[in-house]
Amino acid sequence: MAMAPSPPPETVLDVVRADGPAAVLGIGTAIPANCVTQDEYPDWYFRVTESEHLTKLKAKMRRICDKTDIKKRHFYHSEEMIAGHPELFERARPSLGTRLGVAEFALPELAVAAAATAVAEWGRPAADITHLVVGTNAGASAPGADLRMAALLGLRPTVQRTIIYLRGCSAGYTALRVAKDIAENNRGARVLVAGADITLPAFTAPDEADLDALIVMAVFGDGAGAAVVGADPILPIEHPIFQMVSVSQTTIAGTEHKVSLQLRERGLGYKISGEVQALVRDNVEQCLVDALMPLGLTGDGDWNHLFWAMHPGGRAVLDSYEAALRLNPQKLAASRRVLREYGNTSSAAIFFVLDELRRRRHDRDGERCEWGAMVGLAPGLTIETMVLRATTGGRDE
């Protein structure tokens with residue numbers, strides 16, 4: 001019997017790949033119940049770590065907190081939890097097991113709360129999710145939060161799971177980038193992507209010899225964000241919010257040790273160089289030119305024609321973006337509000353920013369830029385960029 005001729009490769013690819021770009025089809029966020037205002041934080045932190053005798057260091061912490069432009073932060077851990085686990089603040093004692101044990105339950109709890117909101121906005125059953133991508137800096141287990149999330153959300157046993165650890169503040173961005181690739185290369189795929197982080201793995205007592213930890217304690221907060229990503233939306237059921245047009249990544253030469261994360265017996269340690277702000281100012285514009293020039297979106301050096309989803313790593317980093325790109329103050333209003341209300345929630349923060357940008361587009365006085373960019377920093381030092389196109393297909397339009 002004669003064999004049927006094989007279809008040409010382009011025909012097979014047409015069947016496998018989506019026709020259009022991936023898009024965000026739903027967004028959700030979640031925060032823990034425990035809340036500490038920034039003006040109360042130095043007293044709270046030095047009390048729970050039994051460090052109130054370190055008066056000069058406490059005064060330094062207060063000065064740092066006063067400069068952050070943060071109003072409050074939310075935490076999964078409480079004063080009672082810290083008191084019950086003195087190994088979390090006694091630096092001589094190993095504590096990694098305690099920290100990861102708490103994160104094992106906290107991460108899926110927060111991520112599921114954010115994901116449920118994203119799925120509800122998407123408008124289809126959770127069982128229609130084909131892929132799950134999770135980014136976090138607070139875990140180190142297999143199976144991890146992805147498997148627990150799949151069970152709690154009622155995803156199918158065939159859902160394809162990916163978990164990304166220790167990507168720093170860009171963990172949520174990286175998860176979104178992976179989701180974009182999956183959606184565009186698998187026709188009909190619907191990817192649930194989440195970023196969830198708690199600060200407990202990095203929680204430590206103040207120490208004059210470890211000022212990086214003092215900054216982390218003054219800036220980072222807990223939270224989770226999620227989005228449903230898919231290409232070729234099914235109208236009128238699905239409503240694209242942002243199209244994910246292109247991605248790029250640039251590692252600045254010689255900066256491997258400027259920002260780093262290390263998982264050790266005493267928890268997660270951060271190293272953050274004071275040169276980060278200058279490195280951002282000196283390099284971010286060229287990274288954006290390289291990312292946007294092929295699309296004709298550089299605007300001859302005027303970057304105010306775009307909307308901006310900057311990861312709110314801290315006030316000084318946002319100031320560096322604003323100065324380097326000569327942005328009008330309102331251009332980073334969404335990122336600054338997220339920082340003010342929640343602090344730097346690491347992998348979750350970019351979802352909060354996208355949600356805030358979407359909300360502001362619905363306000364009467366909100367900007368209506370069609371094109372924009374999402375920018376974040378990864379250890380390395382690495383600058384990550386995703387070009388976005390805001391659509392008019394949201395449910396509230």
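The values are calculated or read from the model by the stated rules, or taken from the named source; none is laboratory data. Keep in mind the model is a prediction, meaning the values are calculated, not measured. Heads up, the Cβs are rebuilt from the backbone with ideal geometry, glycines too, and the neighbour counts pull from every protein chain shown. Keep in mind that these areas ignore ligands, DNA and RNA; they rest on the heavy atoms of the full protein, side chains included. Shrake-Rupley method; radii C 1.70, N 1.55, O 1.52, S 1.80 Å.
Brief remarks on what is shown
- Residues A278 and D300, FRET efficiency given R0 of 25 Å [Cβ-Cβ distance, rounded to 0.05]: 0.50
- Gyration tensor verdict on the stretch 272-375 (Cα atoms; rounded if a/c is under 1.5, prolate if a/b is larger than b/c, oblate otherwise): oblate
- Contour minus Cα-Cα distance for E370 and I237 (0.36 nm per residue): 45.6 nm
- At the residue level, M244 shows approximately 0 square angstrom of accessible surface with a 1.4 angstrom probe and all protein chains present.
- Cα-based shape type of the stretch 198-258, given that a ≥ b ≥ c are square roots of the gyration tensor eigenvalues and the cut on a/c is 1.5: oblate
- Extension gain, V15 to A83: 0.36 nm times the residue separation minus the Cα-Cα distance gives 18.7 nm.
- Cα-based shape type of the stretch 191-343, given that a ≥ b ≥ c are square roots of the gyration tensor eigenvalues and the cut on a/c is 1.5: oblate
- When every Cα-Cα distance of the chain is counted in 20 angstrom steps from zero, the calculated P(r) takes the values 28, 56, 14, 1, 0 percent.
- Here r is the Cβ-Cβ distance between C35 and A116 and R0 is 25 Å; the resulting FRET efficiency, rounded to 0.05, is 0.75.
- Highest mean first, the peptides 14-27, 172-185, 39-52 sorted by other C-beta atoms within 10 Å per residue fall in the order 172-185, 14-27, 39-52.
- Entry note, the chain: the mean residue ellipticity at 222 nm calculated from DSSP H runs of n ≥ 4, each adding -39500 (n - 2.57), is -11500 deg cm²/dmol after division by the residues and rounding to the nearest 500.
- Modelled spin labels at H257 and R340, positioned 7 Å past Cα toward Cβ, are 3.9 nm from each other.
- Of all lysines in the structure, the ones whose alpha carbon falls short of 27 Å from that of K71, not counting any fewer than 8 places away in one chain, are K56, K58, K60, K271, K331.
- Pairwise FRET efficiency - T162 versus H53, Cβ, R0 = 51 Å, nearest 0.05: 0.65
- Here the stretch 202-283 is assigned +1 on the Cβ of each Lys and Arg and -1 on the Cβ of each Asp and Glu. Its dipole about the Cα centre then comes out at about 80 debye.
- Measuring only protein heavy atoms, the 1.4 Å probe finds T130 accessible over about 30 Å².
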